[in-house]
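Presented below is the structure to which this report refers.
Where a number appears in this text, it was derived from the coordinates with a stated rule and is not lab data. All figures in this text were calculated on a predicted structure; none of them were measured in a lab. For neighbour counting, all protein chains shown are included, and Cβ atoms are generated from backbone atoms with ideal geometry for every residue, glycine included.
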């Protein structure tokens, strides 16, 4: 008997260190599966259909969207992107965990499609540090940085409905917190439906 | 600005290792306060009123109970015991955490009096190990052990409404799980009411 998987939704303003935290979580726990997103954009050189993305025509994407086949979807620079619900649900049933690295709007959609998901918002220690980190990355010009900081404030204002707030001040402490939210989520009775019964009856329960 | 405290309710059949786990949690985190219970039993030699217990007459205990002054109460061997609500609430407001080491019936009362509490049930890996542990303690005769095992099964059957199930198979893994539930609980937005605002406005937020 295995536990059921957990959908872990992680949002954060860019520059908060979210990607590093997620990488570390995947490194420590082998229980995370990978979901392949769908997109209407053209494949780039070297991208393989069904591995990097499932490449769909706009018509096909819209048909599936109308059928509610996506856990979440968004339009970015004129292209549609979406996470198909069925493979995510299958992974969760089979005991694999799924990470959604996604903005607040996407997280709200997942709240509707996968209500048992656990939602974590990663915060910068202060706005000056966030600005410094964005400058250090060297990816954005002045106007982009202004825009990202404004976007960060807007997204952070919605963090109140998440399950947990993780401040990334020191990376080790932030990772310990994110890891705790994940682990605590895996321990919910709903994700371990026959655990108590198995222990009382002497049936195997380890995964 | 400090976060608010968390009431952590821990139930487990006796012999599960709950006391060891709680001791370790208090050792790692200095944020736990101590609440002094009320009782109608006579003080034992060396016990100090207001430190070990608040010793009350039965009349005074029942008067306070009628006023709903207890977070939970129970009668054991003809004596009344109870946790007064006001000091617990005060500690939580001041950012101190409180542990309730309590059976399922007491936990149900706390669910009503402190609905934001986090509930953890510690399970033995199997009933044979539990029986072994009870024998190794050498505190109980055969009939007591029978009774404890029956009580364990009855209590475990109610673990489904707790927030987290922690199996104490290996102590380190069980502690890691309990610690995760505690830490995750401290990260809830409701316990960090002005955190986001403080970060955006550049106000101090560290405890």
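Apply the a/c threshold of 1.5 to the C-alpha gyration tensor of region A:35-95 and tell me whether it is rounded, prolate or oblate.
Values: a/c = 2.26, a/b = 1.29, b/c = 1.75.
The shape class here is oblate.
Counting pairs of alpha carbon atoms under 8 Å apart in space and at least six apart in sequence, what relative contact order in percent does chain A give?
Taking the mean separation of contacting Cα pairs over the length of chain A, I get 34 percent.
Which of A:175, B:182 has the fewest other C-beta atoms within 10 Å, and how do the rest follow up to the most? Provide the component values of the computation, followed by the final result.
On the way: A:175 18, B:182 24.
Result, fewest neighbours first: A:175, B:182.
Pop a pseudo-label 7 angstrom from the Cα along the beta-carbon direction at both residue B:69 and residue A:93 and give the gap in nm to one decimal.
5.6 nm
What is the order of A:11, B:14, fewest Cβ neighbours within 10 Å to most?
Working: A:11 24, B:14 18.
Going from sparsest to densest Cβ surroundings: B:14, A:11.
Round to the nearest 0.05 the FRET efficiency obtained for residue A:52 and residue A:105 when R0 = 22 Å and r is the Cβ-Cβ distance.
Working: r = 23 Å, r/R0 = 1.06.
The formula returns an efficiency of 0.40 here.
I'd like the distance separating the alpha-carbon centroids of region B:169-207 and region A:42-95, in whole Å.
Here the two parts' Cα centres lie 34 Å apart.
Which translational diffusion coefficient, to the nearest whole µm²/s, is obtained for the protein assembly as shown from the Stokes-Einstein equation, given a Kirkwood hydrodynamic radius over C-alpha pairs, 25 °C and 0.890 mPa s? Kindly include the intermediate steps, with their values, before the conclusion.
Working: Rh = 24.0 Å.
Rounded to a whole number, D works out at 102 µm²/s.
So what does log10 I(q)/I(0) come out to for chain B at q = 0.09, 0.10, 0.13 Å⁻¹, using the Debye formula with one equal point on every Cα and no solvent?
For the requested q values the scattering log ratios are -0.41, -0.50, -0.83.
Label position 7 Å from Cα toward Cβ: report the copy-to-copy distances for residue A:140 in nm, one decimal, ordered from shortest.
6.0
For residue B:41 and residue B:171, compute 0.36 nm times the residue count separating them, minus their Cα-Cα distance, and round to one decimal in nm.
Details: separation 130, 0.36 × 130 = 46.80 nm, distance 3.48 nm.
My answer for the length gained is 43.3 nm.
How large is the Kirkwood hydrodynamic radius of region B:1-68, counting all unique pairs of alpha carbons, in Å? Let's see the in-between values first.
Numbers: mean 1/r = 0.0664 Å⁻¹.
The Cα-based Kirkwood calculation yields 15.1 Å.
Taking neighbour counts of Cβ atoms within 10 Å as a proxy for exposure, in what order, fewest first, do A:69, A:38 appear? Write out the running numbers ahead of the final one.
On the way: A:69 16, A:38 20.
Going from sparsest to densest Cβ surroundings: A:69, A:38.
Can you tell me which of A:123, A:92, A:139 moves the most in a GNM of chain A? Springs connect C-alpha atoms under 10 Å apart.
Comparing A:123, A:92, A:139 in a Gaussian network model of chain A, the most mobile one is A:139.
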